[in-house]
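The values are calculated or read from the model by the stated rules, or taken from the named source; none is laboratory data. Every value quoted in this text rests on a predicted model; they were computed, and no experiment measured them. Using ideal geometry, Cβ is built from the backbone for each residue, glycine included, and neighbour counts are taken over all protein chains shown. These area figures cover heavy atoms from the full protein model, side chains too; ligands, DNA and RNA do not enter into them. Shrake-Rupley method; radii C 1.70, N 1.55, O 1.52, S 1.80 Å.
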Amino acid sequence: MRGDTKLLIFIGDGMGGRPIAELDSQTTIEAANTPAMDRVAREGSCGMLDPIAPGRPAGSDTAHMAILGYEPEKYYRGRGPFEAKGVGIEVRPGDVAFRCNFATVEGKMVVDRRAGRIKSGTVELADAIREEIPKIGDVQIIFEPSVEHRAALVLRGPGLSHEISEVDPHEPDVDYFESHALEGAEDVAGANKTARVINEFVKRANEVLQDHPVSKQRRAQGLPPANIVLPRGAGTAVHLEDFEQRYGVHGAMIVEVDLVRGVGEYLNMDVIHVDGATGGQDTDELAIARAIVEAFETHDFVLANIKCPDLGGHDGDCQTKIDAIEKVDRAIGHLLENLDWDCTTIMVTADHCTPCSLMDHSGDSVPIAFFGNGTRPDDVDVYGERACSKGIMGNLRGMEVMNVMLNFAGRAEKFGA
Ligand code: ZN
Ligand code: ZN
């Protein structure tokens, strides 16, 4: 074994699934044409993975945390901080972060949660919010626009908590809510205060945006004005040990969505942007694969994620999901050709299942395959849910993945004498 082996975790987001009657009871992975992943399975060590625990549906954020060895049960306090990091806001321990939508309201009624998917003008709107609402009481307001109608908000000040209820009703044609301390959290220090600050922020953002020139212009064009900001997904920032400090490997992340990118930023990994990585079905998977090869010139570890299989799953569209899985396979095919497998180990996995039948994440295990340096072949010869369940690795949990990878790479520390 070589101590300088490079490690690659390659995640097809939401790629796992359940059998589908119209596909002869195959899953979308089983139905897809995946020669590269099949080779990884055939020549490597296979098994199944419970990202968090058996039967526990994982979010992309918690699954990535667990796979990187950061226990979500212990460290996860909501997705807000990852979103905020993902759009480039510095988040400090104690901050409470939210993802936000620019939305359209009439009075308190939410007419459009995404303000007509507003594409321009949000930078000006965010400037106005920063200028007019720098603080509420002793709490600093940090606000950044992201793509389209999305934005992130960070509250910084003493005694804040994420245990507050949602403002965003998550559906149109109803009034937005007043936030309050979550049930059972009435006594949690800071929950009442944070809810008050958020209610005040929403009200004042509405006042600032209502007659902003961008809103006036949109009304004149017959478009819904972005006249309010609806925060959601509150999360408290906690301190996480740097990835490099924990494992002694210099790590990079090549991922497509802010949420997962935020996990990498949080762990102080190098987050590499790839031109052509859109996060959609049109993403350039070969550009992503080339970026991985390049990243290994300066890094020991890469986590890559291609998002699109998850989208087909959420839409309940099997064929789109199959096409997306075949994109993941093409990226892996490029890597099989272009990396030195005597000193590289790859794990191919999903971060969770997104079965087309559920149109959401499920708590089913996902197929995994390790290939390259240190791995041992078993009798599995294709990548998929049925096949990998017979593999040598058995059922792993997300929290065990880094140990397994470091062992294959000859980088694991001996326990005992
Ligand atoms: Zn995911
Ligand atoms: Zn998803």
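Table for the structure above
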| quantity | calculated |
| --- | --- |
| Single residue of ARG261, ARG246 found to be in a helix (DSSP H, G or I) and either touching a His at 6+ places or on another chain (Cβ under 7 Å) or farther than 21 Å from ALA152 by Cα (or both) | ARG246 |
| Subset of segment 270-328 (residues that are in a loop (DSSP other than H, G, I, E, B) and of a type in the set (Asp, Glu)) | ASP275, ASP282, ASP284, GLU297, ASP300, ASP317 |
| Filtered residue count, segment 379-399, keeping only those that are charged (D, E, K, R) and touching a helix residue (DSSP H, G or I) at 6+ places or on another chain (Cβ under 9 Å) | 4 |
| Which listed residue is assigned by TED's automatic domain parsing to the domain that holds VAL293 and part of a loop (DSSP other than H, G, I, E, B), from GLY391, GLY416, GLY333 | GLY391 |
| Residue check, ALA189 buried (at least 22 other Cβ atoms within 10 Å of the Cβ) and either over 14 Å from GLU106 (Cα atoms) or charged (D, E, K, R) (or both) | no |
| Any chance ASP329 is away from ligand 2 (no atom under 16 Å from the Cβ), closer than 13 Å to CYS46 by Cβ and not aromatic (Phe, Trp, Tyr) | no |
| Residue count for segment 178-220, restricted to those that are among the acidic types (Asp, Glu) and more than 26 Å from PHE102 (Cβ to Cβ) | 3 |
| When residues of segment 32-91 are limited to those that are of a type in the set (Val, Ile, Thr) and out of contact with any strand residue (DSSP E or B) (no Cβ under 7 Å at 6 or more places or on another chain), the one least open to solvent (accessible area, probe 1.4 Å) | THR34 |
| Cβ pairs under 8 Å, 6+ apart, first in segment 176-195 and more than 19 Å from GLY233 (Cβ to Cβ) and of a type outside the set (Phe, Trp, Tyr), second part of a helix (DSSP H, G or I) and modelled with pLDDT of 85 or more | GLU186/ASN192 |
| Tally of residues being over 24 Å from ASP329 (Cα atoms) and in a loop (DSSP other than H, G, I, E, B) across segment 394-413 | 4 |
| Test result for ASP315, acidic (Asp, Glu), more than 16 Å from ligand 2 (Cβ to nearest atom) and in contact with a Lys or Arg (Cβ under 9 Å, 6 or more places away or on another chain) | no |
| Among residues of segment 332-363, those that are within 16 Å of ligand 2 (Cβ to nearest atom) and either within 16 Å of CYS46 (Cβ to Cβ) or open to solvent by less than 10 Å² (accessible area, probe 1.4 Å) (or both), counted | 8 |
| Pairs with Cβ under 9 Å, 6+ apart, first in segment 364-382 and in the same structural domain as ARG397 (by TED's automatic domain parsing), second assigned to a strand (DSSP E or B) and of a type in the set (D, E, K, R) | ASP364/ASP50; SER365/ASP50; VAL366/ASP50; GLY372/LYS6; ASN373/LYS6 |
| Among the residues listed as VAL328, VAL293, the single one being aliphatic (A, V, I, L, M) and open to solvent by 30 Å² or more (accessible area, probe 1.4 Å) | VAL293 |
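Residue-by-condition table, conditions (1) closer than 17 Å to GLN217 by Cα; (2) touching a Pro at 6+ places or on another chain (Cβ under 8 Å):
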| position | (1), (2) |
| --- | --- |
| ILE89 | no, no |
| ARG99 | no, yes |
| THR104 | yes, yes |
| MET109 | no, no |
| GLU132 | no, no |
| GLN140 | no, yes |
| HIS149 | yes, no |
